[in-house]
Amino acid sequence: MKFQPDRRNFIKSGFAGLTAAALFKSGVSLSNQAPFRLTASRGQFVFGEDQENPTQVMYYNQSIPGPVIRIPRGREVLIPFHNALDEPTSIHWHGIRIDNAMDGVANLTQPPVLPGQDFEYRFTPPDAGTYWYHTHMRSWAQLAFGLAGVLIVEEDEPPPVDQDLVFAIDDWRLDRQMQMDTGSFGSMHDWSHGGRLGNFITVNGETEKTYDVASGERIRLRLLNIANARIMNLLFSEPRISIVAIDGQPVEAFTPEAGRIVLAPGQRADLIIDLSGDPGSSSQIELVVGEYAYEIARFVYGPKARRKQLLDLPVELPQNPLNKTALPTDFKHVPLLMQGGAMGGMRSATYEGKQMDIRELVKIGKVWAFNGIVGMPSDPLFRVKRGTAISLDVDNDNSWPHAMHIHGHHFVHDRSPGIWRDTALFERGEKGRLQFIADNPGKWLIHCHMVEHMAGGMLTWFEVS
Ligand code: C2O
Ligand code: CU
């Protein structure tokens, strides 16, 4: 295997001919009778083709990504967690409108789970859909090391499909020996720019994975961006695609323009694909980086067609309780000014109650601010009574895109009415409103899901009483 020193080529050779390193488990189903245990630990994982050359990772149940957990909607599940790491951690259930005590934010909703300790996660997911779980401590290192997995909340009556596939797409930074690049953890350059971007893309922990399909099949494909910071620009060559859910929530089915789907870190999309290729053919899913496109997965059609005539599009998912929420026209407006980063022109900000200039802030790695405050403020951004309609008026006043994530709630981005999301991408200079009803009591984070930006100060919280 030959690697070129320049990163683009490295990405390219990373995609060329590397075979699967670990088997991706197709999912464990949970009922409330049988608790499913998660254990976080350090371990070894092979990214390249050389089985003798593993690198260090952190993972759940010794799997990269962690096991796909399938749970029923509207029923309580128990997930006992054991921390076998040598450092504290916690698990956040991204996108679930969860009980605050189970949200998994270390030092806000629970104490960190110390090495050797256990924590019992117990919650009832109100909405069906595609979610994920990941560490919520030192995620700039722990998430980059691999602590993430997929959480599927099953519909009471799922739409009939021939296959239900999961693509958890991740981005790793490896050195030329295919070892985790640990020297760059905490790099101020990453933190002040676009976050920790990798050079090795995996789908379900594998590169260039092929999936066996048949002509005429209808598949459901659950796409997740579980990377630290990379915005995934995906390109499908399959023509018959409908997007039926976004960030877990059903939407009116629509066809992505020119086969392109953009997922910011943390975002998901559920697709229904009617496979229209000929028996024996294949189609690819590519990641677009600048002017290059790299194949990350491929559908390989078997010699026999499943059906002659494609099923009729579109398909609709059953509505979630959330879809019945009506937003009012009157909101409590909360401005959220996002500043900082390289080429951002931020001169000073407040950190732990002290006004500091940018040079001091850079020294302590705090380079991103919400409303002039860097890092987790002691006072919430807002405190409201349960049921208050909030409009978070975001102004992304810096040189970088950001993926705004709100815990415990879904919101409607005014740019795309009718679509409930939990993570919204703001391009540089973009303004927009995230509107929701603060109806889940507790203390909830708001942060950029480019986790280096969060670590660099881009986080705040609100309280619902
Ligand atoms: Cu997916 Cu606060 O996180
Ligand atoms: Cu950001």
Subject >> Residues within the stretch 410-445 that are β-branched (Val, Ile, Thr) and either over 24 Å from Arg230 (Cα atoms) or surrounded by 24 or more Cβ atoms within 10 Å (Cβ to Cβ) (or both), tallied >> reply: 2
Original post:
On the given criteria, is Ile96 hydrophobic (A, V, I, L, M, F, W, C) and more than 16 Å from ligand 1 (Cβ to nearest atom)?
Top reply: no
Original post:
Counting only residues that are crowded, with 17+ Cβ neighbours inside 10 Å and under 27 Å from Gln179 (Cβ atoms), which one in the stretch 69-89 is farthest from ligand 2 (Cβ to nearest atom)?
Top reply: Asn83
**OP:** Give me the pairs, please: first residue somewhere in the stretch 232-243 and touching a residue at least 24 places away in the same chain (Cβ under 8 Å), second residue anywhere and hydroxyl-bearing (Ser, Thr, Tyr) and assigned to a strand (DSSP E or B), beta-carbon distance under 8 Å, and either six or more positions apart or on two chains.
**Re:** Phe236/Ser283; Ser237/Ser283; Glu238/Ser283
Original post:
With respect to Phe462, is the statement that it is farther than 22 Å from Leu322 by Cβ and within 15 Å of ligand 1 (Cβ to nearest atom) true?
Top reply: no
Subject >> Matching residues, the stretch 364-412, being in a strand (DSSP E or B) and more than 16 Å from ligand 2 (Cβ to nearest atom) >> reply: Phe382, Arg383, Val384, Thr388, Ala389, Ile390, Ser391, Asp393, Phe411, Val412
Subject >> Single match in Glu430, Glu452 (criterion: of a type in the set (Asp, Glu), assigned by TED's automatic domain parsing to the domain that holds Gly365 and in contact with a strand residue (DSSP E or B) (Cβ under 8 Å, 6 or more places away or on another chain)) >> reply: Glu430
**OP:** Only residues in the stretch 444-460 that are under 21 Å from Asp379 (Cβ atoms) and of a type in the set (Phe, Trp, Tyr) count as the first member; pair them with residues that are within 11 Å of ligand 1 (Cβ to nearest atom) and modelled with pLDDT of 95 or more, Cβ under 8 angstrom, at least 6 apart or cross-chain, and list the lot.
**Re:** Trp444/Asp103; Trp444/Ile406; Trp444/His407; Trp444/Gly408; Trp444/Trp461
Original post:
Of everything in the stretch 267-306 that's surrounded by 14 or more Cβ atoms within 10 Å (Cβ to Cβ) and assigned to a loop (DSSP other than H, G, I, E, B), which residue is nearest to the chain's Cα centre (by Cα)?
Top reply: Gln267
Original post:
From the residues in the stretch 95-145 that are of a type in the set (Gly, Ala, Ser) and under 17 Å from Asn440 (Cβ atoms), which one is nearest to ligand 2 (Cβ to nearest atom)?
Top reply: Gly95
**OP:** For residues that are over 11 Å from the mean Cα position of the chain (by Cα) and either aliphatic (A, V, I, L, M) or crowded, with 23+ Cβ neighbours inside 10 Å (or both), tally how many sit in the stretch 224-247.
**Re:** 7
Original post:
Among the residues of the stretch 413-449 satisfying the criterion of being among the aliphatic types (A, V, I, L, M) and away from ligand 2 (no atom under 16 Å from the Cβ), which is nearest to Arg196 (Cα to Cα)?
Top reply: Ile419
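The values are calculated or read from the model by the stated rules, or taken from the named source; none is laboratory data. Keep in mind the model is a prediction, meaning the values are calculated, not measured. We place every Cβ from the backbone using ideal geometry, glycine too, and count neighbours over all the protein chains shown.
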